[in-house]
Amino acid sequence: MQPFTTLTSTPAPLKVINVDTDMIIPKQYLKTIKRTGLGTALFSEMRYKEDGSENPDFVLNQPAYRKSEILVAGDNFGCGSSREHAPWALLDFGIRCVISTSFADIFYNNCFKNGILPIVVSPEDLEKLFDDADRGSNATLTVDLGNQTIKGPDGGEIRFEIDPFRKHCLMNGLDDIGLTMEKAPKIEAYEEKLKTRAWA
């Protein structure tokens, strides 16, 4: 998993509340168990018209936001079913950070397991971030996980809270497998001890 330390990007504003996981990645794309290739289907029902062409009104199809790595979204992001394909699709598109006032619990946990930083801010701070995001390529945000800050284009700063263990995992690129591998020396030592006991 790619470590997350600091991230600077033009933020994409998605001013929609209750964005559920089916909106993020519709059910017809859930047949795959690969984590790659889902970016093209991200928000497909909003991104594409019925004929398959792009919807020019959708934020991620607009030139300023095509390469956004930060998504600023409305309240209760990631609600609905517990599909892990949702963070897979966001990450495959290039989104590394989602900022909202609240997240569904399962989606929130899945983000950390896949290298995405979900940040909870106050409604007032979200409005400021939406204002920044509306400026398009004229404005960037810098997310600093180490200092737990979001710096705006005009020098303003928003602090956010995060669980220390989750922060450690993200900054060191540790998913569940990575956490287990950190303990490999202790596991090997224990296995060696078991071998000597077996012959005793």
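Couple of notes before you dig in:
- Only residues that are in contact (Cβ under 8 Å) with a residue 12 or more places away in the chain, farther than 16 Å from Leu126 by Cβ and open to solvent by 40 Å² or more (accessible area, probe 1.4 Å) were counted in the range 155-165, giving 0.
- Pair list, Cβ < 6 Å and 6+ apart or interchain, from the range 126-147 residues that are in contact (Cβ under 8 Å) with a residue 40 or more places away in the chain to residues that are assigned to a strand (DSSP E or B) and among the hydroxyl-bearing types (Ser, Thr, Tyr): Thr140/Thr8; Thr142/Thr8; Asp144/Thr6
- Qualifying position, being open to solvent by 60 Å² or more (accessible area, probe 1.4 Å) and assigned to a helix (DSSP H, G or I), among Gln28, Gln2: Gln28
- Members of the range 33-83 that are open to solvent by 80 Å² or more (accessible area, probe 1.4 Å) and more than 28 Å from Asp131 (Cβ to Cβ): Ile33, Lys34, Arg35, Thr36, Thr40, Lys49, Glu50, Asp51
Residues are listed down the side, and each one gets a yes or a no for (1) assigned to a helix (DSSP H, G or I); (2) under 24 Å from Gln62 (Cα atoms); (3) modelled with pLDDT under 90:
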| position | (1), (2), (3) |
| --- | --- |
| Lys128 | yes, yes, no |
| Thr142 | no, yes, no |
| Asp154 | no, yes, no |
| Glu161 | no, no, no |
| Arg166 | yes, no, no |
| Leu179 | yes, no, yes |
| Lys186 | yes, no, yes |
| Leu194 | yes, no, yes |
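- Candidates Arg47, Arg83: the one that is in contact (Cβ under 8 Å) with a residue 12 or more places away in the chain, in contact with a Phe, Trp or Tyr (Cβ under 7 Å, 6 or more places away or on another chain) and basic (Lys, Arg) is Arg47.
- Any hit, the range 133-140, residues being open to solvent by less than 20 Å² (accessible area, probe 1.4 Å) and touching a Cys at 6+ places or on another chain (Cβ under 7 Å): no
- Among (1) of a type in the set (Gly, Ala, Ser); (2) outside any loop (DSSP other than H, G, I, E, B); (3) more than 18 Å from Leu170 (Cβ to Cβ), the one test that Gly52 misses: (2)
- Residues located in the range 84-113, provided they are in a loop (DSSP other than H, G, I, E, B), open to solvent by less than 40 Å² (accessible area, probe 1.4 Å) and either at pLDDT below 95 or closer than 20 Å to Asn18 by Cβ (or both): Ile95, Thr101, Ser102, Ala104
The values are calculated or read from the model by the stated rules, or taken from the named source; none is laboratory data. The model shown is predicted, which means the values in this text are computed figures rather than measured ones. Ideal geometry is used to build each Cβ from the backbone, glycine not excepted, and the neighbour counts take in all protein chains shown. The protein model used for the area step is the full one, side chains on, heavy atoms only, and it has no ligands, DNA or RNA in it. Shrake-Rupley method; radii C 1.70, N 1.55, O 1.52, S 1.80 Å.
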